[in-house]
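**Q** This is the structure I have questions about; it appears just below.
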Amino acid sequence: MNILLIGSGGREHAIAAKLIESSSESITLYAAPGNPGIFSIEGVRPAAIAITQHEEVVAFCREHACELVVIGPEAPLAAGLADDLNNAGIPVFGPSRLAAQLESSKGFAKEFMMRHGIPTAQFCRFQQSELAAALDYVASVAKQALPVVIKADGLAAGKGVVIAETSAEALRTVEEMLGGRFGEASSRIVIEEFMYGEEASVFAVCDGERFITLAPAQDHKRIGEGDTGENTGGMGAYAPAPLVTDDIMTKVHERIIAPTLRGMKQERMPFVGCLFVGLIIHNGEPKVVEFNARFGDPETQAVLAVLKADFAKLLYSAACGHLQSEAVQRVADGVACCVVLAAKGYPGEYAKGMELRGIAAAEKTGATVFHAGTMLANGTLVANGGRVLGVTGKDATLKTALDMAYTAVEAIEFDGKTFRHDIGIKGLQH
Ligand code: GLY
């Protein structure tokens, strides 16, 4: 089976590895843009196409008889790549532009949840011309309870959420966002109440009607230990997260995922792909913090490490609208954790071009090193992104998986190597 994978991060490296290693039939995988880690997997070839040029992607798929396209990141989904491929008769694992609004518009997602009775925080939505009303609203919310959450409506590379601790910060944030801090993405904003509890990520593989959930994960979004400092795309994750008990998972299925798929179908934008449910859990009750329309990064590195499944069959069946849940043998075969190695300065400005050493030594521990932001410069592997590598350990317990990952982390060297030492600690405490 020929498959085209879109994306170039750690998530796509993990997806590529799983597609190749777990599938019952022989796979030829093309990747665009890909990364050196993805291309080091036997059976993966580069696809020399610009992923923003949809007609080029369609032509490549026709020429190379691709039976499936897997879209990793959110931007091509929001740009309608899945629609153009589907219109050309090519099955895609990834939602249409309209269905991807669950991620690409926070306001759309919140109003959708209200319409369908899906548990989430109370909110109000404003646009640029409503600055005065937004300021009045945020002031009154802040008077009643702090912190207040202010979100850019559109895609802002994981940076569009501010948790304002004071009234002054809330007012300033509203003014800055509607004033264009994130460009078009913050020309509309959502202001919502802060929800207390512990966060978890649940991924559902969906065919538009049916779904199967994978092992629940927990991400570590802040740059600093003890969940301090700026938000990042995610500094590490582990799965399965014991916080999400069977009872909570049943509630997530019944109260969140099933009504979401029903509602999306009713509203004529059936959701096909990975529905990423960002949860907050308080006193055993799950609520939605956000939806994403794709696999999470770095959660995927851990979630797929413990998944026992014919992954190509799973994604292909979902893309074709006939989910074959039996392609999954076990969602959690062991425990895995991924520790992200970032460049110094991330999530702010960071250096690039540092030589990366010690990956082979790191993998001798049994860990897998996924490439998140790397490139080859004259044959030397160098850093090329804020998140550089995802070091993933898998073992029988979270403790031993963490030991494996952190031993591997020590073997990797590059200037300014930055990572959190406390990935998975909350999991150990459960
Ligand atoms: N790790 C969070 C995300 O993928 O958005």
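**Q** Can you pull the percent of the range 120-167's accessible area that's carbon plus sulfur, 1.4 Å probe, other chains left in place?
**A** 55 percent
**Q** Sticking with this one: May I ask you to give the average projected area over all directions of the convex hull of the Cα atoms of the range 213-345, in nm² rounded to one decimal?
**A** Values: hull surface 37.1 nm².
Result: a mean projected hull area of 9.3 nm².
**Q** Using DSSP H assignments, which helices in the chain have an axial alpha-carbon span of 24 Å or above and a mean Kyte-Doolittle hydropathy of 1.6 or higher? Mind showing how you got there, number by number?
**A** Details: long enough: none.
Flagged H segments: there are none.
**Q** When the chain is fully extended, how far beyond the present Cα-Cα distance does Arg172 get from Thr380, taking 0.36 nm per residue of separation?
**A** 70.4 nm
**Q** Cα extents of the range 342-394 along the three principal axes, largest first, in whole Å?
**A** So the extents along the principal axes, rounded to whole Å, are 32, 26, 12.
**Q** Which GluC sites (Glu not before Pro) from the range 323-430 combine a DSSP loop assignment with at most 12 other Cβ atoms within 10 Å?
**A** Glu349
**Q** Sorting Leu376, Leu155, Leu323, Leu314 by accessible area (1.4 Å probe), largest first, what list results?
**A** Order by accessible area, largest first: Leu376, Leu155, Leu323, Leu314.
**Q** Based on a Kirkwood Rh over C-alpha pairs, give the Stokes-Einstein translational diffusion coefficient of the range 196-246 at 10 °C and viscosity 1.306 mPa s in µm²/s. Working shown, then result.
**A** Working: Rh = 12.4 Å.
This corresponds to a translational diffusion coefficient of 128 µm²/s.
**Q** Then there's this: State the Kirkwood hydrodynamic radius of the chain in Å, one decimal place, computed from all pairs of distinct Cα atoms.
**A** Hydrodynamic radius (Kirkwood, Cα pairs) of the chain is 21.8 Å.
**Q** Let me ask something additional. Please list the radius of gyration and Dmax for the range 10-137, considering alpha-carbon atoms only, with Å as the unit.
**A** Rg, Dmax (Cα atoms, Å): 18.9, 60.
**Q** Label-point separation (nm) for Glu111 and His421, each offset 7 Å from Cα along Cα-to-Cβ?
**A** That separation, rounded to one decimal, is 4.9 nm.
**Q** Can you compute 3J(HN,Hα) from phi for each residue in the range 147-157, using the Karplus curve 6.51 cos²θ - 1.76 cosθ + 1.60 with θ = phi - 60°, rounded to whole Hz and x for Gly and Pro?
**A** Running phi through 6.51 cos²θ - 1.76 cosθ + 1.60 with θ = phi - 60° gives x, 10, 9, 10, 10, 5, 5, x, 6, 9, 6 Hz.
**Q** Tell me the label-point distance for the pair Lys159, Glu230, using the 7 Å Cα-to-Cβ offset, in nm and rounded to one decimal.
**A** 0.6 nm
**Q** Run through the range 366-416 and list the chymotrypsin sites (Phe, Trp or Tyr not before Pro) located in a DSSP loop whose Cβ has at most 13 other Cβ atoms within 10 Å. Numbers along the way, then the final one.
**A** Values: sites: Phe370, Tyr406, Phe414; in loops: Phe414.
Passing sites in the range 366-416 do not exist.
**Q** What cysteines in the chain have no other cysteine with a beta carbon less than 4.7 Å from their beta carbon?
**A** Cys124, Cys206, Cys274, Cys320, Cys337, Cys338
**Q** Further, regarding this structure: Of the listed peptides 209-217, 236-244, what is their order by residue-averaged count of other C-beta atoms within 10 Å, with the highest listed first?
**A** Sorting 209-217, 236-244 by mean packing, highest first, produces 236-244, 209-217.
**Q** Using a probe radius of 1.4 Å on heavy atoms only, what accessible surface per residue do you get for the range 43-118? Whole Å² is fine.
**A** 40 Å²
**Q** Grab the range 274-367 and count how many Lys pairs have their alpha-carbon atoms under 27 Å apart, sequence gap of 8 or more, or different chains.
**A** Lysine pairs meeting the criterion: 4.
**Q** Starting from the Cα gyration tensor of the range 346-430, take the square roots of the eigenvalues, sort them a ≥ b ≥ c, and report rounded, prolate or oblate (rounded when a/c is under 1.5, otherwise prolate if a/b is larger than b/c, else oblate).
**A** Taking the square roots of the gyration eigenvalues as a ≥ b ≥ c, the range 346-430 is oblate.
**Q** Something else about it: Could you state the number of Å between the C-alpha centres of the range 367-411 and the range 232-281?
**A** A separation of 27 Å, based on Cα centres.
**Q** OK, next. Using a 10 Å cut-off on Cβ atoms, rank the peptides 86-98, 38-50 from the highest mean neighbour count down. Could the numbers behind the result be given before it?
**A** Working: 86-98: 20.3, 38-50: 15.7.
My ranking of the peptides, most packed first, is 86-98, 38-50.
**Q** For the range 233-343, with all protein chains present and a 1.4 Å probe, just round the carbon and sulfur fraction of the accessible area to a whole percent.
**A** The computed percentage sits at 48.
**Q** Inverting the mean 1/r over all pairs of different Cα atoms, compute the Kirkwood radius of the range 280-420 and quote it in Å. Write out the running numbers ahead of the final one.
**A** Details: mean 1/r = 0.0593 Å⁻¹.
Result for the range 280-420, one decimal place: 16.9 Å.
**Q** Please get the size of the charge dipole for the chain, origin at its Cα centre, with Cβ charges of +1 on Lys and Arg and -1 on Asp and Glu, quoted in debye to the nearest 20.
**A** Value, rounded to 20: 180 debye.
**Q** Give the shape of the range 20-72 as rounded, prolate or oblate, defined through the alpha-carbon gyration tensor: a ≥ b ≥ c are the square roots of its eigenvalues, a/c under 1.5 means rounded, and otherwise the shape is prolate if a/b is larger than b/c and oblate if not. The partial results should precede the final answer.
**A** Details: a/c = 2.18, a/b = 1.37, b/c = 1.59.
Judged from the Cα gyration tensor, the range 20-72 comes out oblate (a/c at least 1.5, b/c at or above a/b).
**Q** Okay, moving on. Tell me whether the range 54-116 comes out rounded, prolate or oblate; compute the Cα gyration tensor, take square roots of the eigenvalues as a ≥ b ≥ c, and use a/c under 1.5 as the rounded threshold. It would help to have the intermediate numbers written out before the result.
**A** Numbers: a/c = 3.24, a/b = 2.77, b/c = 1.17.
Prolate shape, in that a/c is at least 1.5 and a/b is the bigger ratio.
**Q** Packing-wise, with mean Cβ within 10 Å as the measure, how do 328-335, 4-11 rank, highest first?
**A** 4-11, 328-335
**Q** Still on this model: Which semi-axes, in whole Å and largest first, does the equivalent ellipsoid of the range 137-285 have when worked out from the alpha carbon gyration tensor as the square roots of 5 times its eigenvalues?
**A** Numbers: eigenvalues 164, 78, 47 Å².
One finds semi-axes of 29, 20, 15 Å for the range 137-285.
**Q** For the range 255-321, what percent of Cα pairs sit more than 14 Å apart?
**A** Across the range 255-321, Cα pairs with separations above 14 Å total 69 percent.
The values are calculated or read from the model by the stated rules, or taken from the named source; none is laboratory data. Quick caveat, the model's predicted, so the values are computed rather than measured. Positions of Cβ are backbone-derived with ideal geometry, glycine not excepted, and every protein chain shown enters the neighbour counts. Just the protein is used for accessible areas: all its heavy atoms, side chains included, with ligands, DNA and RNA removed. Shrake-Rupley method; radii C 1.70, N 1.55, O 1.52, S 1.80 Å.
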